[in-house]
Amino acid sequence: MDNQELDPEIEKLLAESENSYSSDSFTDLSFDDIPDNSSEPAEDLSVASKVDLSVTKFNPITKFFEDTPHNYFDDSSYYKSCLTNEGQAAQRVHQVLSRYLTCTDPKDRTVYRQQLITAYWEIIRTMAPKMGDLSLPMSKRLMFRFGVLLPSLFSPEQKMTFSKAILKNNTGEPVYYMDEWFKEIASGRLSLSATDEVRVKKSSSASSDQSHLQQLKNKNDGKLQSSESFVNAKESERQMLEQELLNRVKAICEHNQMIGLEPHTMPLTEGQKKLFAEIQERLRTLQKLDKEYVGYIKEFEEAKSVSESLISKMQNAPDTVTVAKGDIETEFNTVRQMAKMTVGRQGNQFPVFTREFYHCTPQGTGFRENVLSIMAWIEENDPGVFCRIHKNTAHRIVPYVLLVPTYGDFGFCWEPFDRYNRVTSRGRIVIPMYPRDLKISLLMAVADLRWQVAKEKASYYWMEEGLTGHYYQYIEKQKLKGDLKSYFINDYVTWMTKEVDGVQKLDKQVRAIFWRYIPFNQQKKEELKKRSVVYQELYQRDINRSMSDGY
């Protein structure tokens, strides 16, 4: 890449150094006196973090890009603004990036590339705690969000695509870019991602108490939302039953006049007499339902009382108990590990956006709207994908989605739900923004989520019961070696990309397992049964199971 393609600012700095790249060449460069460019307006992301059990599907995405591009990447001081006030980390990034971009020797370039990876993640580490600051320059947020450090590394088409990306979360869904993720972490609205390491308790009693109260609230929120969901369901069921009773009583009370003996009316008909038995049966059902309803009301009242008490205690606590810098550091290390996992051991770990490695279409890039559109398609074909069963009731809970700016291909589930609230808390999936196939990356993450939720549900019997049990037994019979979950993820991707269109690629046993435990929607089943005898047999099994239910 020649100097004429570089950003004018860095080109000037490189020209001044006269191609001499000793560390002393950059000691006089200062990134501490550049005025901030425009910052992001305040945005409330709290709505996206709340779980609403009444929502049944995604709202359709009608707008994927802005009509008018923003001009953040046209700012001549964008590069300097990104590195401003970042200390030695900024100096190091500038030094290594300059060498990397002007180096012609392949071996040296490889060395500088590795140094740049380390230096870039170090400056990202210093920036992470600042994401909660609303006055932070937009250039820093865009660097954190998309990995765009130097706009001249865009091609003109790529620059236009990213300039039209919708920056605000207008969807209300829990899909976050990296800067938004750390903003939520810093605000305390999003808890730290789970790790295997044992966390040391903090010495600050105020912070510790507030953290403990938040954990209790998270746990109680599950009970509150679940009990309210059951109350709503029972109320709806009671309303339907009462309407049936009213209709039958009304039918009994209707009498035609006796012809010739007016105004006297006819006695009860045989049909009306049969309604007495039906009314008695529904009265018994109503009595049983009311008993269940009272129990759920009691649970709801208790959970609500606890919630109000916890909220009161949290409000009476010190006003601003901020998230400790150590916690943000812990989350950064976790996210860094997530980024590595999206790429894999043999993948491209380069963290800076450059046209050299970016080969996605605008629709295939991991922008929020593209991701949500694919998630809606997945849910349409696999209706139970985001459902979690509690007390035989399905709760639709969309997971948190973290979009990381990496050139990886592997989406995955970091945790299936919060450890303090297994009932209604969101899981967490991670998606690379620049993969070869965004749909495949999302399917992998969703498959991972499905597997972990099913495994947790089966508990000690995960090798015997349900989806995980039947799939485990199939793998054992086939004597396949390797990671069980990886086999499942690959088969799920095939299920959702081939079998969904009637292309038979899966083993017969796997197809039967998925048809039962990961069923397509009813319309898709109706279509598939007409295409092949294979699907027709599976459809008939559904009918047989429904007829024998309870026996």
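The values are calculated or read from the model by the stated rules, or taken from the named source; none is laboratory data. Please read these numbers as outputs of a predicted model, since none were measured by experiment. As a convention, Cβ positions derive from the backbone with ideal geometry for all residues, glycine included, and neighbour counts pool all protein chains shown. The area values use the complete protein model at the heavy-atom level, side chains included, leaving out ligands, DNA and RNA. Shrake-Rupley method; radii C 1.70, N 1.55, O 1.52, S 1.80 Å.
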Q: Report, ordered by chain and residue number, the lysines lying within cross-link reach of Lys80, taken as a straight Cα distance under 22 Å and ignoring same-chain residues fewer than 8 apart.
A: Lys12, Lys130, Lys140, Lys159
Q) Over region 462-514, what lengths in whole Å, largest first, do the semi-axes of the equivalent ellipsoid take, defined as the square roots of 5 times the eigenvalues of the alpha-carbon gyration tensor? A) 19, 11, 10
Q) What does the accessible area of His264 come to, in Å² to the nearest 10, when a probe of 1.4 Å is used? A) 120 Å²
Q: In whole angstrom, note down how far apart the Cα centers of region 83-102 and region 403-441 are.
A: 31 Å
Q. Taking a probe of 1.4 angstrom, what is the accessible area of Leu286 in Å², to the nearest 10?
A. 40 Å²
Q. What is the mean projected area of the alpha carbon convex hull for region 404-456, to one decimal in square nanometres?
A. 3.6 nm²
Q) Can you tell me the accessible area per residue over region 50-176, all protein chains present, probe 1.4 angstrom, in square angstrom? A) 43 Å²
Q.
Let me cross-check Val306: its accessible surface, 1.4 Å probe, with only protein heavy atoms counted, in Å² to the nearest 10?
A. 70 Å²
Q) How do Trp462, Trp515 stack up against each other in accessible area, from largest to smallest, with a 1.4 angstrom probe? A) Trp462, Trp515
Q) Solvent-accessible area per residue for region 256-361 at a 1.4 Å probe radius, Å²? A) 68 Å²
(Q) Ignoring ligands, DNA and RNA, please state the percent of accessible area on region 46-178 from carbon and sulfur, probe 1.4 Å. (A) 51 percent
**Q.** Accessible surface, region 460-551, averaged per residue in Å² (probe 1.4 Å)
**A.** 63 Å²
Q) Can you pull the three principal axis extents for the Cα set of region 397-548, in Å, largest first? A) 45, 36, 33
Q) Which order do Thr361, Thr171 take when ranked by solvent-accessible area (1.4 Å probe, heavy atoms of all protein chains), largest first? A) Thr361, Thr171
Q: Using the structure shown, list the pairs from Lys234/Lys524; Lys479/Lys508; Lys457/Lys530; Lys57/Lys340 with a Cα-Cα distance above 22 Å, or answer none.
A: Lys234/Lys524; Lys457/Lys530; Lys57/Lys340
Q: Determine the share of region 285-430's accessible area contributed by carbon and sulfur atoms, expressed in whole percent, with a 1.4 angstrom probe.
A: 50 percent
Q. Sorted by accessible area (1.4 Å probe), largest first, how do Cys103, Cys253, Cys82, Cys387 line up?
A. Cys253, Cys387, Cys103, Cys82
Q | Rounded to the nearest 20 debye, dipole of region 238-354 from Cβ charges on Lys, Arg, Asp, Glu | A | 440 debye
